[in-house]
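Comments concern the structure below.
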Amino acid sequence: MKKTLIISGIVLALIGSGLYYFFSQRQFAPPKAATDILNIDVPESSFNLPITLDLRTLSDFLNGKISGRFLETTLYLQESKKERIALALIKPSNIQISSTGKELVCTFPLTIEARLIQSRFWNLFTKLVKPVSTSLIVTLSSPVTLDNSWHLKTKFRLKSYRWITEPEVQFGPFKKNLTGTLDNLIKEEKYGLTAMLDREINKGVSLQNTIAEIWVDIQNPILVSRKPTPVWIRFLCRDMKEDFHLEKSSIVCFTNIKAKMMVMTDTTNLPRPNPLPAFKLMKAQAWDPLSYIYIYAYTSFDEINKRLDELVTGKDISVKGYLRNYTISIKNINAYASLDGLAVAVKTGKDLTGDFFLIGHPEFDVPTQTLKIRNFDFAVKATNIFVNKGDDLLHTRLRDIVAAKLNLGLDTLITKIPRIATNAIAKGNSGKVIKLTMKDVKVNKCDILMGKQKIHFRIDTETMAAIKLKRINPGKPLRIKSGKD
């Protein structure tokens, strides 16, 4: 009996040793690495840019363009051409531009000077007739739009006028009221006041340079990273549509630009930007105040592992246990894309000796705007069987440490690149003439895709953008001289 017990004990010991050896040396197959090199397709971005021209800016342009004695002409007082006068239009104070929401309203103060230069009573008589000076307030109105070349287009018509003093010329026993003559001058097709305003506004007020500058600048390369090698992103503009509105205090051209982003590592031989298309009206109610910009970014596993190595390799991790303190040393760490998700291989020593494989799924959490590793857990090959327990203190601590280090500021990368892009576009288009703002850049979604060499980020952002024309160069003051034979 005693001999039987001894034999049984030896057998049990051998079985126990065998089981211990089996579990301690059991090979856990590492997660299979991904072999695909991904080509990422980035959706088309939609830049929605309201371009605002304040009516005060338009008034400043007209007052800079039309000043002093701006029109001089000669007119016959009768169809028989017996009397002829020299007429001058003078702007004594500022033109005011306002809006009804449907039409522009132009309030134009005028001083009119007239003198007789030809008479049926011989030219000697003309020197005896006193020049006439009179004032009136002319009110004009016009619809407004843009023509195909982005120039403001108006068609002013006389709405009303009010004489401060009646325009009368007296020569000898004759007296001539100039009201009808001046009406014709205001409405005359070639040299009249309405035609002059239409012509000067169409010639001088254009959104073409502003829109062309933005169109080109959006397509300029934007440096987003300098290390390890410089990386640029570039938007290629494809199409543009506009909607035009007259508001109470401004003219607004809602501009929608379609563009697609590309990544470059060399800007030496850039293709030319696509040319600016002609003005094209978008469908009614198609306007969206937000811009939706899709941006692509990536980082390589070489960079990730270099950074992880700097952060954790050779470091000791202290873990407070129930009976004593433990130390985990990390000897090596390597992240890669597996068929099951993001895999991290970790080799440890000291109180936790073994080779571990952690697997998780990186995702961008929109509410917190941070990168998280979802369902981060272990597949384990270890020299210690107890490490395989999911509730093991050291096991849990190791997982948490690796998860914390794995972020590597990638959420900052995801939120930073859209800001770099929008700030670069805005900065390039702000100056003395225009001001472009892009604010409140928000990441709505970030698709994270992994290939053999890189982690790819397809970032869906939105921002509120606006352009304001701060001034329009009036050029030389308008001076018109004409006469009728």
> Considering the dipole of the stretch 55-205 built from charges on the beta carbon (Lys and Arg +1, Asp and Glu -1) around the Cα centre, which of Thr194, Trp150, Ser135 is farthest to its positive end?
Replying inline: Ser135
> What are the ³J(HN,Hα) values, in whole Hz, obtained from phi via the Karplus relation 6.51 cos²θ - 1.76 cosθ + 1.60 with θ = phi - 60°, for each residue of the stretch 132-148 in sequence order, with x given for Gly and Pro?
Replying inline: 10, 10, 9, 10, 8, 10, 9, 10, 10, 9, 7, x, 9, 7, 10, 8, 5
> For Asp288 and Asp41 in one chain, what is 0.36 nm times their gap in residues minus the Cα-Cα distance, to one decimal in nm?
Replying inline: 86.5 nm
>> 5 Å is the cut-off here: which amide hydrogens, built 1.01 Å from N in the peptide plane, fall below it relative to Leu478, excluding neighbours closer than 5 in sequence?
In response: Ile66, Ser67
>> Give me the percent relative contact order of the stretch 55-205, please, defined on Cα pairs under 8 angstrom at least 6 residues apart.
In response: 16 percent
> Amide H to amide H, which residues 5 or more places from Thr313 or on other chains are under 5 Å from it, using H placed in the peptide plane?
Replying inline: none
> What trypsin sites (Lys or Arg not before Pro) in the stretch 181-275 are in a loop by DSSP, with at most 10 other Cβ atoms within 10 Å of the Cβ?
Replying inline: Lys190, Arg226, Lys248
>> Loop only by DSSP, 14 or fewer other Cβ within 10 Å of the Cβ. Give me the trypsin sites (Lys or Arg not before Pro) in the stretch 290-367 that pass, ordered by residue number.
In response: Lys315, Arg324
>> Between Leu223 and Asp447, what is the label-point separation in nm under the 7 Å Cα-to-beta-carbon projection?
In response: 3.1 nm
>> Within 10 Å of each candidate Cβ there may be at most 11 other Cβ atoms; applying that plus a DSSP loop requirement, which chymotrypsin sites (Phe, Trp or Tyr not before Pro) in the stretch 317-352 survive?
In response: Tyr322
> Using alpha-carbon pairs under 8 Å, 6+ residues apart, how would you state the relative contact order of the stretch 240-388 in percent?
Replying inline: 12 percent
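A short reminder: the numbers here are calculations on the coordinates, not readings from a lab. Every value quoted in this text rests on a predicted model; they were computed, and no experiment measured them. So basically every Cβ, Gly included, is an ideal-geometry build from the backbone, and we count neighbours across all protein chains shown.
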